[in-house]
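Novice: Here you go, one structure.
What follows is calculated from the coordinates using simple rules that are stated; it is not laboratory data. The shown structure was predicted, so the numbers you read here are calculated from the model rather than taken from an experiment. Using ideal geometry, Cβ is built from the backbone for each residue, glycine included, and neighbour counts are taken over all protein chains shown.
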Amino acid sequence: MTSVEPSVLADDVTASRRTRSAGQLAGRAFAGLTTGAGALILAVLAAVALFLVVRGLPALTSSSADLSARIEWFKKGQTLLGYTGPLIFGTLLAGALALLIATPVAVGIALFISHYAPRRLAQGLGYVVDLLAAIPSVVFGLWGVLWLVPKLVPGFSWLHEALGGVPLFAGTPSPTGRTILAVGLVLAAMILPIITAVSREVFLQTPRLHEEAALAMGATRWEMIRMAVFPFGRSGVISAAMLGLGRALGETMAVLMILSPGFSYSLALLQASKHQTIAANIAAQFPDANPSGVSVLIATGLALFVITMAVNVTARWIVSRRKEFSGAN
C-alpha cells in the first residue's frame, strides 16, 4: 500500500477548511444582501407613506372654510371627504372596467399561446405581448384620444339605443366619446400585456403529468384545461389581474388625455364630465396649485396609496387561501 505523507494530509485538511470557511462567508454575505434588499423595500414603502401623511396632514386637519378660502378650485363649503369621494369612485370605476374587459381576453390569449398555438407562432405572440407592455402610457393616451375614441362614438350610440334601459348606458351619449368607458377600454389595452404574460407563464408551469392524465382519461383539450390547467393557475391569474389593476388605478397620462373630467357618483358610462380619477386629477391640478392645494392633492394621493395597498393585501389573502402549489406563490 502507498503511504501518504502527513504533510499532504495536513494540506488537504487546511484547504478543505479554507473552502468551507469561504463558502460560509459567501453564504452569510448573500443572506445579508437579500435581507437588506427586503428591508429596503419596507423602508421605501414606509418613507412614501410617511411623506404622504406629513405633507397631507395640513389638508386633513383644515376646515372646509379654510380650504375653500385658500384654494381657488375648492368649492365653498366642500369638505375634503366630499372632494376626494368622487375621485375615489372614478378611480375604482375605471379600474374595475379595465379589469373586467382585460382579464377574460388576457386569459384567452395566454391559453392560446401556452396550449393551442404552434410553437413558432406562440413564440412570436409572446414577443409581441412583451413588447406591448413596454409602450409608454402617453402613447396609449395619444392612440386613444386621436384614433380609438372617435371610432367608439357610433358604438356608444348603439349601446344607448339597445341597452338604454340599463343604468350603465342611460343618458344621452357624449358626442366626443371622452367618457369613463373609453378610459376603461384604453386602460384594458394597457394592462392586457401584464395579465397575459403572467398568466401565460403560470399556465406553462402546469405539471405535464396532470395534463397527460386528464387526456388519458379521455378528456378533450378544453376539458383538460378546465380540470388541470385552471385549478393549478387560478391563484396566478388572480395575482396577474391584481398587478394589472394596480397599474390601472395609478394610470395618469392616458386618463388625463382622454377623460372629460367631472365630480359625481354616476354609473352612466356613456356620458362625459361625470368622472375623474385621483392620479389624473393630481396631474391636472398640481402645476397651478398653491401650498394648500398641493396638500389637498397629496391627501388624495394618500387615499390612492391606501386603495392600492388594500387591493394588494386582498389579492395576497385570496392567493394564500389556495393550499395547492402555484407558480405565483
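Novice: Would you mind computing Rg(Cα) / (2.2 N^0.38 Å) for the stretch 191-329, counting N as its residues?
Specialist: So the stretch 191-329 has a normalised radius of gyration of 1.45.
Novice: Please report the net charge: other residues with Cβ closer than 13 Å to the Cβ of Ala254, K and R +1, D and E -1.
Specialist: +1
Novice: Going by average Cβ neighbours within 10 Å, how do the peptides 102-110, 223-231, 70-78 rank, with the highest at the top?
Specialist: Highest mean packing first, the order is 102-110, 223-231, 70-78.
Novice: Charges at C-beta only: +1 for Lys and Arg, -1 for Asp and Glu. How large is the resulting dipole of the stretch 175-329 about its Cα centre, in Debye rounded to 20?
Specialist: 280
Novice: At 222 nm, what helix-only mean residue ellipticity would the chain give, in deg cm²/dmol to the nearest 500, using -39500 (n - 2.57) for each DSSP H run of four or more?
Specialist: Result for the chain: -24000 deg cm²/dmol, rounded to the nearest 500.
Novice: If I model a spin label as a point 7 Å beyond the Cα along the Cα-Cβ vector, how far apart are those points for Thr79 and Gln24 in nm?
Specialist: In this crude label model, Thr79 to Gln24 measures out at 6.3 nm.
Novice: Roughly how many nanometres apart are two label points built 7 Å out from the Cα toward the Cβ at Leu146 and Arg119?
Specialist: 4.1
Novice: Could you tell me the distance between the Cα centroids of the stretch 84-158 and the stretch 159-218, to the nearest Å?
Specialist: If you average the Cα positions of each part, the centres end up 8 Å apart.
Novice: Using C-alpha positions alone, give me the convex hull volume of the chain per residue in cubic angstrom.
Specialist: Roughly 241 Å³ of hull volume per residue.
Novice: If I take R0 = 25 Å and measure r between the Cβ atoms of Ala219 and Leu100 in this structure, what FRET efficiency does the formula 1/(1 + (r/R0)^6) give, to the nearest 0.05?
Specialist: Once rounded, the FRET efficiency stands at 0.25.
Novice: Next question. At a threshold of 8 angstrom on Cα-Cα distance, excluding pairs fewer than six apart, so keeping six or more, what relative contact order does the chain reach in percent?
Specialist: Relative contact order here is 26 percent.
Novice: Over all directions, how big on average is the projection of the convex hull of the alpha-carbon atoms in the stretch 45-132, in square nanometres?
Specialist: One quarter of the hull surface, i.e. the mean projection, equals 9.2 nm².
Novice: Then there's this: Around Phe263, what is the net charge, scoring Lys/Arg as +1 and Asp/Glu as -1 over all other residues with Cβ under 10 Å from its Cβ?
Specialist: +2
Novice: On full extension of the chain, what length is gained from Leu42 through Leu60, given 0.36 nm per residue of separation minus the C-alpha to C-alpha distance?
Specialist: 4.0 nm is the gain from fully extending Leu42 to Leu60.
Novice: Let me check I've understood the local charge: for Arg178, count other residues with C-beta under 15 angstrom from its C-beta, Lys and Arg +1, Asp and Glu -1. What total comes out?
Specialist: Net charge around Arg178: +2.
Novice: Under the definition of Cα pairs under 8 Å and six or more residues apart, what whole-number percent is the relative contact order of the stretch 231-329?
Specialist: Contact order relative to length: 40 percent.
Novice: In debye, nearest 20, what is the charge dipole magnitude of the stretch 62-320 about its Cα centre with +1 on Lys and Arg Cβ and -1 on Asp and Glu Cβ, if you could check?
Specialist: Dipole size: approximately 180 debye.
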